[in-house]
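One structure is given here, and the rest of the page talks about it.
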Amino acid sequence: MEQIQRFDLSRYRDKEHAQFHDLVKKYIEEETAEKLGIIKIYPAYVKALQTEINTINVESGSRLTSGIAAADEYRDEIYSAFINDLNAKINWFDPDVRAAADNIRRIVDQVGYVSRDPYPEESKALTSLVDQLITNYAGDLAVTEQTTLVTKLKEANDDFITRFGSRNDEQASRGSGNVSKTRGAVDEAYKKIVTAINGLSLVGDAEVYQNIIGKINELISYYKNMLAIRKAKDGKGSSEPDIPLPPGA
């Protein structure tokens, strides 16, 4: 029996994330939650999604939000370049370079920076990382020739923090929410639904779940393909418009 595919939505824009889940909600309601056996867990999904949509609408009113997204994407790209270069230096032919790279890697692992964290946590982790490297491991950075990369990473992170603070000041009087947190709540509710449907399709009447599983998997394939196309156009995809609704949706 076909199962609903795993799908990582972390690299999709906020409106695309909400749009995907809104379509899943539509498909579930066409089948009915009662028929699918998820009536107890479905309301939490609907509530979380509406909260996300409301929060996105608030953030969309800020003239600074698009700049924040671009700044976050830029610092993620520099971080990725830094990690890729560090991985190469760990396997370098020169033992001094390898030793220096190992020292830097230990700090990276200790900080545990993850680019999918909510903005404040990501900023805090990056600040800790670059401060430690610049203050205590300048010699190792020089040996691995990564001083410029880390300096650029610090500049990009500082720029993001400034932009994010300005946006929060602008929205303070309007009670803006945190889209990252609302997205996380939606994803958790969605995972419970997927787990339930996949499980029930194996132990119950498979025909009941065949349609909903096929529709969601088709939707997942559509979003994956559209993201790949967007990124292929300009390398980053930041200048391309949001992914549109699938045909017939």
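Rule-based calculations on the coordinates, nothing more; no lab input. Worth saying up front: this structure is predicted, and the values here are computed from it rather than measured. Note that we place each Cβ from the backbone using ideal geometry, even for glycine, and neighbour counts take in every protein chain shown.
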Placing +1 on each Lys and Arg Cβ and -1 on each Asp and Glu Cβ in the chain, then taking the dipole about the Cα centre, the residue among 49, 129, 69 whose Cα reaches farthest towards the positive end is 49
The relative contact order of the chain, taking Cα pairs under 8 Å that sit 6 or more residues apart, comes to a percentage of 36 percent
Note, the range 80-91: 3J(HN,Hα) by Karplus (6.51, -1.76, 1.60, θ = phi - 60°), whole Hz, Gly/Pro = x, goes 4, 4, 4, 5, 4, 5, 5, 4, 5, 5, 5, 9
In terms of the charge dipole of the chain, which places +1 on Lys and Arg and -1 on Asp and Glu at the beta carbon, the residue among 249, 216, 228 farthest towards the positive end is 249
Any lysines whose Cα falls less than 18 Å from that of residue 89, other than same-chain ones fewer than 8 residues away, would be none
Any aspartates and glutamates whose Cα falls less than 17 Å from that of residue 233, other than same-chain ones fewer than 8 residues away, would be 73, 77, 242
Ignoring GluC sites (Glu not before Pro) buried by more than 13 other Cβ within 10 Å or outside DSSP loops, the longest site-free run in the chain is 3-144
Scalar couplings 3J(HN,Hα) for the range 152-159 by Karplus 6.51 cos²θ - 1.76 cosθ + 1.60 (θ = phi - 60°), nearest whole Hz, x for Gly and Pro, are 5, 5, 4, 4, 5, 5, 4, 5
To the nearest 20 debye, the range 180-233 has a Cα-centred charge dipole, built from +1 on Lys and Arg Cβ and -1 on Asp and Glu Cβ, of 540 debye
Calculated from DSSP helices alone, with each H run of at least 4 adding -39500 (n - 2.57) and the total divided by the residues of the chain, [θ]222 nm to the nearest 500 comes to -25500 deg cm²/dmol
With residue 83 itself left out, Lys, Arg at +1 and Asp, Glu at -1 over residues whose Cβ is under 12 Å from its Cβ give -2
Under the rule rounded for a/c under 1.5, else prolate if a/b exceeds b/c, else oblate, using alpha carbon gyration tensor axes a ≥ b ≥ c, the range 1-105 is classed as oblate
With a 18 Å threshold on alpha-carbon distance, the violating pairs from 15/40; 15/181; 25/191; 191/215; 124/181; 124/154 are 15/40
The alpha-carbon center of the range 192-235 and that of the range 92-157 are separated, in whole Å, by 38 Å
To the nearest 20 debye, the chain has a Cα-centred charge dipole, built from +1 on Lys and Arg Cβ and -1 on Asp and Glu Cβ, of 340 debye
If one compares the long axis through the Cα atoms of helix 119-136 with the longest principal axis of the Cα atoms of the chain, the angle in degrees, nearest 10, works out at 20 degrees
Given (1) 21.7, 64; (2) 18.6, 53; (3) 19.1, 72 as possible values of Rg and Dmax of the Cα atoms in Å, the one from the coordinates is (1)
Sites removed, the longest contiguous part of the chain containing no DSSP-loop trypsin sites (Lys or Arg not before Pro) with at most 12 other Cβ within 10 Å is 117-249
